[in-house]
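For reference, the structure is listed below as structure tokens.
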Amino acid sequence: MIGGPGALLVGGLLLFLLLLLGTRGIAAARGLSSKSDLPLHDDAAEIVPCPPEFALQIFSRADWEFASAIKSHKIAKLFRSERKAVALLWVRQTSAAIQRVMREHAQATRGSGDLEFTTEVKLVLRYAELMLLCGALFLAIQSAGPLWVRGVALYADSLSQHIADVQQAFSATTARREISSIGSS
Amino acid sequence: MLSQALWWSGVAIEILLLVRGLRGKLASRYPIFYCYISLVLFQEPFLFAAYRWYPQIYRNVYWTAEFLSLMLGCAVVFEIYRVGLSAFPGTARVARNVLAFLFALALARGIAEAWTDPRWWMEAATTDIEGALRAVEALAIVILAASFLFYSIPLGKNLRGLLLGYGFFLSTSVISLAFVSTAGNQLRHFLSSAYPASYFIALNLWLAHLWSYSPNPVPAASVRLEQEYQRVAAATHRRLQGARGYLARAVRP
């Protein structure tokens, strides 16, 4: 009924979770007195580990063009490695901020008697999506650099725009046909 | 020789656990767990007697005892759930829903497999059936442990020990039982000695954590009104949405 790989997965996952519980349990129990279960304030809605202008600059081509205009291989190499380190740090900070949001949510609502299963599942799914996005960004920056990530994003953006245009044109044509067929009948 | 030493010291630890449980009034707080330990302890002489003097019925006695402890093990999981989440009714409801979904899924899969291959139930070895039941039990503990971690539920020393010990024993059982029927002689020998060794480790974990009573920490305040929860959930949703926009704005033009 459950094969070897399935059993390994369940057993391994359980061991991993127990290890986490064992190491975090003591810290969580100690930190309880300092943590409040009061609800989040609405003004805590922002999630900005660093200013957006700064984040925009990390993936911008302008600095790269400036550095490459100097025509020094060393400076170009140094720029790439520095920019990569900053971009990775930014992803880590953003990911930590997202984790903090979810942790605060869990701590604020864990005692609530009205916790809704569907709402919680939706939030967890959104959280998982964001963590996956951060993971993918981290891998992409690590393997190809922040400029490539921006290039891919630009390509994806233009592609999605193109698809949206085609979709819109298709919808408009279909609607026109439907109207004309209704008119003729 | 080693297995004999493990067996005898295991019996000694079980007796010590029961004595400490009764003296420290832990048995009244975790009655199912202490019933489980008592059952394991008191079935030992029966198993020994059957093995020594009635070998023809040993197999039946062994599997009856094994299934009784398996059923009580399921009740231990329920006890962990009941005690751990008693101060967190909402989290308990979420865990209950996930568990119900999981059991429904396991049941549906079992029925589907029995439907497509009706001989499975007749041909399956007892270890296969026990392995399947233990796997469901392990999945239930996975859900519980994940809920405790996700909601940062504070666990007292006793409950943490109970969960760690039983979870460890269960995870090694699931892995051993899945491979024992297909393994070669050497691996089977290793797995059959790993099983009592993991139980021995679990007993030591229980003894260390259940030596005296330690209450579960209770949070100071809680969100009571439905509007409060809705407000917090909406704020979290907004913040996550904001994070998504922030990520997209930085990377996209």
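The values are calculated or read from the model by the stated rules, or taken from the named source; none is laboratory data. Quantities reported herein were computed from a predicted structural model and do not represent experimental measurements. With ideal geometry, Cβ positions are generated from the backbone for all residues, glycine too; neighbour counts draw on all protein chains shown. Accessible surface is based on the protein model in full, side chains and every heavy atom, while ligands, DNA and RNA are left aside. Shrake-Rupley method; radii C 1.70, N 1.55, O 1.52, S 1.80 Å.
Take B:Val218 and decide whether it is under 23 Å from B:Ala27 (Cβ atoms), open to solvent by 10 Å² or more (accessible area, probe 1.4 Å), within 10 Å of another protein chain (Cβ to nearest Cβ) and at pLDDT below 80. When the stated conditions are applied, B:Val218 passes them.
Could you list, in sequence order, the residues of the stretch B:125-135 that are hydrophobic (A, V, I, L, M, F, W, C) and surrounded by fewer than 21 Cβ atoms within 10 Å (Cβ to Cβ)?
Across the stretch B:125-135, the qualifying residues are B:Ala125, B:Ile129, B:Leu133.
Across the stretch B:1-33, the qualifying residues are those that are outside any helix (DSSP H, G or I) and touching a residue at least 60 places away in the same chain (Cβ under 8 Å), and the one among them that is surrounded by the fewest Cβ atoms within 10 Å (Cβ to Cβ) is B:Lys25.
Away from chain A (no Cβ under 11 Å) and open to solvent by 30 Å² or more (accessible area, probe 1.4 Å) - does that describe any residue in the stretch B:163-184?
Yes, the stretch B:163-184 has at least one match.
Per the conditions (1) more than 21 Å from B:Glu79 (Cβ to Cβ); (2) at pLDDT 80 or above, the sole criterion not satisfied by B:Gly156 is (1). Residues considered: B:Leu16, B:Leu2. Of these, the only one that is at pLDDT 85 or above and either under 18 Å from B:Leu207 (Cβ atoms) or among the hydrophobic types (A, V, I, L, M, F, W, C) (or both) is B:Leu16. Looking at A:Glu120, is it open to solvent by 50 Å² or more (accessible area, probe 1.4 Å) and either at pLDDT 75 or above or part of a helix (DSSP H, G or I) (or both)? No.
Taking the conditions (1) over 11 Å from the mean Cα position of the chain (by Cα); (2) open to solvent by less than 40 Å² (accessible area, probe 1.4 Å); (3) within 16 Å of A:Leu20 (Cβ to Cβ) in turn, B:Phe150 satisfies each one other than (2).
So that you can scan it fast, the table gives a plain yes or no per residue for (1) closer than 30 Å to A:Leu21 by Cα; (2) crowded, with 16+ Cβ neighbours inside 10 Å; (3) within 16 Å of the chain's Cα centre (by Cα):
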site: B:Cys35; (1), (2), (3): yes, no, yes
site: B:Gln43; (1), (2), (3): no, yes, no
site: B:Asn60; (1), (2), (3): no, no, no
site: B:Met71; (1), (2), (3): yes, no, yes
site: B:Ala104; (1), (2), (3): yes, no, no
site: B:Gly110; (1), (2), (3): no, no, no
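Residue check: is B:Ile80 open to solvent by 60 Å² or more (accessible area, probe 1.4 Å) and aliphatic (A, V, I, L, M)?
no
The rows are residues; the columns are (1) at pLDDT 90 or above; (2) touching a Gly at 6+ places or on another chain (Cβ under 8 Å); (3) open to solvent by 40 Å² or more (accessible area, probe 1.4 Å).
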{"position": "B:Tyr54", "(1), (2), (3)": "no, no, yes"}
{"position": "B:Ile57", "(1), (2), (3)": "no, no, yes"}
{"position": "B:Ala65", "(1), (2), (3)": "no, no, no"}
{"position": "B:Leu68", "(1), (2), (3)": "no, no, yes"}
{"position": "B:Phe88", "(1), (2), (3)": "no, yes, no"}
